[in-house]
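*Asks:* I'd like to ask you about the structure that follows.
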Amino acid sequence: MLKGQLITLDEFTIQETRKFPQATGELSSLLRDIALAGKLINKQVRKAGLSDILGAQGTSNIQGEEQMKLDVLADETLIHVLKNSTDCAGIASEENDDHVCFEDTVSTNSKYVVLFDPLDGSSNIDVNASIGTIFSIYRRVSPIGQPCTIEDFLQPGNKLMAAGYIIYGSSTMMVYATKLGVNGFTLEPSIGEFCLSHPNMKCPENGKIYSLNQGNTVKYSAGLKAYLEYCMESNKAEGRPYSHRYIGSMVGDLHRTLIKGGIFMYPADSSSPNGKLRLQYECNPMTFIVQAAGGTGSTGTMDVLDVQPTELHQRVPIYIGSKNMVAKAIAMAHAPETV
Ligand code: AHM
Ligand code: MG
């Protein structure tokens with residue numbers, strides 16, 4: 001590469017494929033399709049205030065949550081792009097009740113399925129804070145040549161081939177992980193391409209930021225309350241009190257956690273025993289990314305990636321981020337006498 005020359009996402013994924021002579025390039029091609037969908041969604045997000053796409057759609061998703069217009073637009077964009085892809089047998093989306101199989105010949109001969117949360121953090125849309133698209137790619141377990149099945153989408157996170165997110169923040173970035181590591185690409189608006197800006201991302205082992213909806217404290221376990229006290233306690237040698245940051249957009253909060261270190265939590269509480277966030281659309285992909293960067297993600301009792309999904313939209317509690325902070329949080333929040 002020439003000094004100072006940008007490496008586009010397309011060039012990067014092709015270079016990665018070339019390292020493995022047996023690789024077919026299908027996964028790379030699928031990542032590039034998702035990047036295209038990201039650019040199309042970005043175009044809508046960037047003009048959100050100027051066109052009639054802010055606000056509620058007037059419909060609810062399967063979880064009874066109000067859908068924003070941009071949620072629906074992002075969902076339709078991803079489905080459209082992936083249906084036209086040569087490498088996707090079907091999709092499942094946080095916004096749709098059931099998975100969708102693409103039944104044309106090219107799609108039924110494809111070996112991957114994609115799951116996504118088209119626009120995470122959508123309560124932030126109307127206030128111009130960071131939002132994002134989260135995606136997961138699994139190799140299907142159903143026979144190639146036939147339509148995909150629900151089993152393809154109910155695989156645990158430890159079977160993921162790749163996962164990533166596109167964050168629509170002060171700049172637009174695509175971050176994706178494979179077992180080889182995590183790389184981040186910033187959208188260069190003048191050429192309309194994602195360019196490598198954050199090679200080989202690593203999540204620091206320690207951090208100084210804790211992130212959760214502290215407004216729910218009254219509903220947390222005694223152990224978790226004790227951990228929050230610990231975060232706020234003064235201890236110069238250990239760098240406490242920690243700072244509290246919470247955007248209310250998992251992509252935004254975890255992008256910061258990945259870069260600066262820290263812990264993000266959406267734990268169980270007395271009214272939501274499984275927390276709020278969805279295993280297949282949010283917790284698995286984010287844990288896969290953070291673990292590929294050297295961090296960790298747990299439900300409090302097990303590695304998120306080892307949870308066997310039983311339904312598409314199931315929720316799990318999550319503690320994710322810097323290894324040492326997550327270990328401390330779990331040790332305190334899940335101490336037997338305090339749960
Ligand atoms: P969404 O997928 O409907 O946008 O909901 C998920 C979001 C996460 O991005 C965020 O971490 C969480 O919900 C915030 O929830 P709360 O407002 O309860 O703190
Ligand atoms: Mg979400």
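The values are calculated or read from the model by the stated rules, or taken from the named source; none is laboratory data. From a predicted model like this one, the values you see are computed outputs, not experimental measurements. Methodologically, a virtual Cβ is constructed for each residue, glycine included, from the backbone with ideal geometry; neighbour enumeration extends over all protein chains shown. When the accessible area is computed, the model is the full protein with side chains, heavy atoms only, and any ligands, DNA or RNA have been set aside. Shrake-Rupley method; radii C 1.70, N 1.55, O 1.52, S 1.80 Å.
*Asks:* Do you know which residues across segment 300-312 are in contact with a helix residue (DSSP H, G or I) (Cβ under 8 Å, 6 or more places away or on another chain) and either surrounded by fewer than 17 Cβ atoms within 10 Å (Cβ to Cβ) or without any contact (Cβ under 8 Å) to a residue 24 or more places away in the chain (or both)? Break it down into steps so the answer makes sense when it comes.
*Replies:* Just the residues of segment 300-312 that are in contact with a helix residue (DSSP H, G or I) (Cβ under 8 Å, 6 or more places away or on another chain), to begin with: 300, 303-307, 309, 312.
Answer for segment 300-312, where residues must be in contact with a helix residue (DSSP H, G or I) (Cβ under 8 Å, 6 or more places away or on another chain) and either surrounded by fewer than 17 Cβ atoms within 10 Å (Cβ to Cβ) or without any contact (Cβ under 8 Å) to a residue 24 or more places away in the chain (or both): Asp303, Asp306.
*Asks:* Is it true that some residue in segment 202-217 is part of a helix (DSSP H, G or I), small (Gly, Ala, Ser) and at pLDDT 95 or above?
*Replies:* Within segment 202-217, one or more residues are part of a helix (DSSP H, G or I), small (Gly, Ala, Ser) and at pLDDT 95 or above.
*Asks:* Ok, one more. Of (1) in a helix (DSSP H, G or I); (2) open to solvent by 30 Å² or more (accessible area, probe 1.4 Å); (3) not aromatic (Phe, Trp, Tyr), Asp97 satisfies all except one. Which?
*Replies:* Unmet for Asp97, out of (1) in a helix (DSSP H, G or I); (2) open to solvent by 30 Å² or more (accessible area, probe 1.4 Å); (3) not aromatic (Phe, Trp, Tyr): (1).
*Asks:* Of the residues that sit in segment 80-94 and are open to solvent by 40 Å² or more (accessible area, probe 1.4 Å) and in a helix (DSSP H, G or I), which one is nearest to ligand 1 (Cβ to nearest atom)? Lay out the reasoning, then the answer.
*Replies:* Looking only at segment 80-94, we keep the residues that are open to solvent by 40 Å² or more (accessible area, probe 1.4 Å), and these are 80, 83-84, 86.
Then drop every residue that is not in a helix (DSSP H, G or I), which leaves 80, 83.
Numbers: His80: 20, Lys83: 22 Å.
So the residue we want is His80.
This table checks each residue for (1) buried (at least 22 other Cβ atoms within 10 Å of the Cβ); (2) more than 26 Å from Arg315 (Cα to Cα).
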{"residue": "Gly192", "(1), (2)": "no, yes"}
{"residue": "Cys203", "(1), (2)": "yes, no"}
{"residue": "Lys225", "(1), (2)": "no, no"}
{"residue": "Lys260", "(1), (2)": "no, yes"}
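*Asks:* Give me a count of the residues in segment 1-43 that are of a type outside the set (Val, Ile, Thr) and assigned to a loop (DSSP other than H, G, I, E, B).
*Replies:* Within segment 1-43, the first condition is being of a type outside the set (Val, Ile, Thr), and the residues that meet it are 1-6, 9-12, 15-16, 18-23, 25-33, 35-40, 42-43.
Then drop every residue that is not assigned to a loop (DSSP other than H, G, I, E, B), which leaves 1-6, 19-23, 25.
So the answer is 12.
*Asks:* While we're looking at this one, here's another question. Examine segment 106-122 for a residue that is assigned by TED's automatic domain parsing to the domain that holds Leu30, assigned to a helix (DSSP H, G or I), within 16 Å of ligand 2 (Cβ to nearest atom) and within 22 Å of the chain's Cα centre (by Cα), and state whether such a residue exists. It would help to see each step written out before you state the result.
*Replies:* Filtering segment 106-122 down to residues assigned by TED's automatic domain parsing to the domain that holds Leu30 leaves 106-122.
Next, from what is left, pick out any that are assigned to a helix (DSSP H, G or I): 106-108, 122.
After this cut, where a residue has to be within 16 Å of ligand 2 (Cβ to nearest atom) as well, the list is 122.
Going one step further and asking which of them are within 22 Å of the chain's Cα centre (by Cα), we end up with 122.
Yes, segment 106-122 contains at least one residue that is assigned by TED's automatic domain parsing to the domain that holds Leu30, assigned to a helix (DSSP H, G or I), within 16 Å of ligand 2 (Cβ to nearest atom) and within 22 Å of the chain's Cα centre (by Cα).
*Asks:* What's the number of the condition Met265 fails, among (1) farther than 22 Å from Asp97 by Cα; (2) touching a residue at least 40 places away in the same chain (Cβ under 8 Å); (3) surrounded by fewer than 17 Cβ atoms within 10 Å (Cβ to Cβ)?
*Replies:* It fails just one condition, (3).
*Asks:* Does Ile137 fit the bill of being in contact with a strand residue (DSSP E or B) (Cβ under 6 Å, 6 or more places away or on another chain) and within 17 Å of Pro309 (Cα to Cα)?
*Replies:* Taking the combined requirement at face value, the residue satisfies it.
*Asks:* Consider only pairs whose beta carbons are under 6 Å apart and that are at least six residues apart or on different chains; among these, list those whose first residue lies in segment 214-230 and is farther than 15 Å from Pro241 by Cα and whose second residue is among the charged types (D, E, K, R) and open to solvent by 10 Å² or more (accessible area, probe 1.4 Å).
*Replies:* Asn216/Asp269; Lys219/Asp269; Tyr220/Asp269
Yes/no matrix, rows are residues, columns are (1) open to solvent by 10 Å² or more (accessible area, probe 1.4 Å); (2) of a type in the set (Val, Ile, Thr):
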residue	(1), (2)
Gln291	yes, no
Thr296	yes, yes
Val326	no, yes
Ala333	no, no
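*Asks:* Quick one: which residue in Gly207, Gly239, Gly252 is touching a residue at least 12 places away in the same chain (Cβ under 8 Å), buried (at least 16 other Cβ atoms within 10 Å of the Cβ) and away from ligand 2 (no atom under 16 Å from the Cβ)? Reasoning before the result, please.
*Replies:* Numbers: Gly239 fails: buried (at least 16 other Cβ atoms within 10 Å of the Cβ); Gly252 fails: away from ligand 2 (no atom under 16 Å from the Cβ).
After ruling out the rest, the residue left standing is Gly207.
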